[in-house]
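Novice: If you scroll down you'll find the structure; I have some questions about it.
The values are calculated or read from the model by the stated rules, or taken from the named source; none is laboratory data. Bear in mind the structure is a predicted one, so any value in this text is a computation, not a measurement. Note that we place each Cβ from the backbone using ideal geometry, even for glycine, and neighbour counts take in every protein chain shown.
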Amino acid sequence: MKDERAANSLPIYSESQRFSPWLAIIIPLVAVSSTFFYRGHMFETQLLISAIAISFLYLCNLQTELREDAFYYRFFPFQLKRHSILRSEIAKIYVRKYSPLKEFGGWGIRWGRNGSNAFNTKGNMGVQIELTSGKSILFGTQKPEEWEKVIKEMFADS
């Protein structure tokens, strides 16, 4: 995996996704409720913190893109620059169902067992990339059928 590279080719397929809107509501609601019941005088501070948390979760955006030369990704605002995995670094790529909680402990940028990483926002479907180095990375997707079609077309000769 290398940092930002100039891509000469147009995107073959791309996806952009955000955290579930329910997550942006539930987390601050729990924080506000618990503070209200246990520390009533801190209620206004918790409302401000919750508003900031909702805004931050709204800004989070996982962007994935497949081009002829590489698979590109960025999880804004945690990754300001786009990262890439060269096609020559990809040993295997496929769509699979996974358990975010069991395999990675949740959603976001996650580190799982056996040195595998995940970048996900919601759901339980992902694009699994096994690298020639032996590491693996999973990128969550809300469009598994589309990814599967594009992967089969692009990597049919691999």
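Novice: When you scan region 97-110, do you find a residue that is within 16 Å of residue 14 (Cα to Cα), modelled with pLDDT of 95 or more and not in a loop (DSSP other than H, G, I, E, B), even just one?
Specialist: Looking through region 97-110, none of the residues is within 16 Å of residue 14 (Cα to Cα), modelled with pLDDT of 95 or more and not in a loop (DSSP other than H, G, I, E, B).
Novice: Given the criteria within 12 Å of the chain's Cα centre (by Cα), charged (D, E, K, R) and within 12 Å of residue 137 (Cα to Cα), does residue 74 qualify?
Specialist: no
Novice: Okay, moving on. More than 18 Å from residue 13 (Cβ to Cβ) and out of contact with any Leu (no Cβ under 6 Å at 6 or more places or on another chain): is that true of residue 58 in this structure?
Specialist: Yes.
Every residue, every condition in (1) surrounded by fewer than 16 Cβ atoms within 10 Å (Cβ to Cβ); (2) out of contact with any Leu (no Cβ under 6 Å at 6 or more places or on another chain); (3) among the aromatic types (Phe, Trp, Tyr), yes or no:
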{"position": "81", "(1), (2), (3)": "yes, yes, no"}
{"position": "84", "(1), (2), (3)": "no, yes, no"}
{"position": "107", "(1), (2), (3)": "no, yes, yes"}
{"position": "113", "(1), (2), (3)": "yes, yes, no"}
{"position": "133", "(1), (2), (3)": "yes, yes, no"}
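Novice: Sticking with this one: Within the set of pairs 6 or more residues apart or between chains, which connect a residue that is in contact (Cβ under 8 Å) with a residue 24 or more places away in the chain inside region 133-158 to a residue that is part of a loop (DSSP other than H, G, I, E, B) and hydrophobic (A, V, I, L, M, F, W, C) with Cβ atoms less than 7 Å apart?
Specialist: Partner pairs satisfying both residue conditions: 150/12; 154/12.
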